[in-house]
Amino acid sequence: MHPAPSGSSGRSTTSDPYGSLDPEEPPRAQPLLIEAGTATVLLRGLRKRCPRCGERRIFSSWLHLIERCPFCALTFEREQGGFLGAMTINFLVAVVLWVIVLVVVLVMTVPDVPVVPLLIASTMVLVVVPLWFYPRSKALWAAIEFLVARSDPDYRTPVRRDPRAKEVE
């Protein structure tokens, strides 16, 4: 019998016929992405990106948000009519900007208010701003809904699946 080489535990792998029968530790699922903070999620919404992963391709046209993110599969509209909050945000932004324009014009021209230029400026603000901001308001509302969903105790970060895994969630 040969002595065990120094530095080993004294067991030889060739003399242990049961060593290969030990169950393998299952591979750990790696997170698909790193969860972003609240400010980052909201900023992604304002930049028309997916709130969870930051993917840019979430709009199929200027006003149409796709159903799911092509990268992380986040569902943007959780229920039918779920973008009522987006319309409210869009309306508030347009009205706040209109009030700012109105106050500035009135303060600068208080004795002789130019009604026609003020009416044209008001129309421009109340038509152009909502059209420009609406996609951002939809993405921002999707970010707010994501933050609410993420605060749920049952929320789980998406993970990379091992293609050989047989378990399905």
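Residues of segment 69-93 being over 14 Å from L140 (Cβ atoms) and in contact with a Phe, Trp or Tyr (Cβ under 7 Å, 6 or more places away or on another chain), which ones? Matches in segment 69-93: L74 only.
Name the single residue, out of those in segment 38-58 being surrounded by 15 or more Cβ atoms within 10 Å (Cβ to Cβ), touching a residue at least 24 places away in the same chain (Cβ under 8 Å) and not aliphatic (A, V, I, L, M), that is nearest to W141 (Cα to Cα). The extreme case among them is G45. If I filter segment 35-48 for residues that are at pLDDT 90 or above, touching an Asp or Glu at 6+ places or on another chain (Cβ under 9 Å), within 30 Å of S122 (Cβ to Cβ) and outside any loop (DSSP other than H, G, I, E, B), do I get at least one hit? Among the residues of segment 35-48, not one is at pLDDT 90 or above, touching an Asp or Glu at 6+ places or on another chain (Cβ under 9 Å), within 30 Å of S122 (Cβ to Cβ) and outside any loop (DSSP other than H, G, I, E, B), which makes the answer no. Checking each residue in segment 110-135 for being touching a residue at least 12 places away in the same chain (Cβ under 8 Å), of a type in the set (A, V, I, L, M) and more than 30 Å from R57 (Cα to Cα) picks out L118, A121. Taken together, the criteria place V107 among residues that are farther than 16 Å from F146 by Cα, free of Cβ contacts under 8 Å to residues at least 12 places away in the same chain and out of contact with any strand residue (DSSP E or B) (no Cβ under 8 Å at 6 or more places or on another chain). Can you spot a residue in segment 62-77 that is at pLDDT 90 or above and farther than 25 Å from K48 by Cβ? Within segment 62-77 (the criterion being at pLDDT 90 or above and farther than 25 Å from K48 by Cβ), the answer is no, since none of the residues qualifies. A single member of L131, L126, L92, L97 is over 25 Å from L43 (Cβ atoms) and outside any loop (DSSP other than H, G, I, E, B), and it is L126.
The values are calculated or read from the model by the stated rules, or taken from the named source; none is laboratory data. In this text the structure is predicted, and so the values were computed from the model without any measurement. Here Cβ is always computed from backbone atoms with ideal geometry, including for glycine, and neighbour counts include all displayed protein chains.
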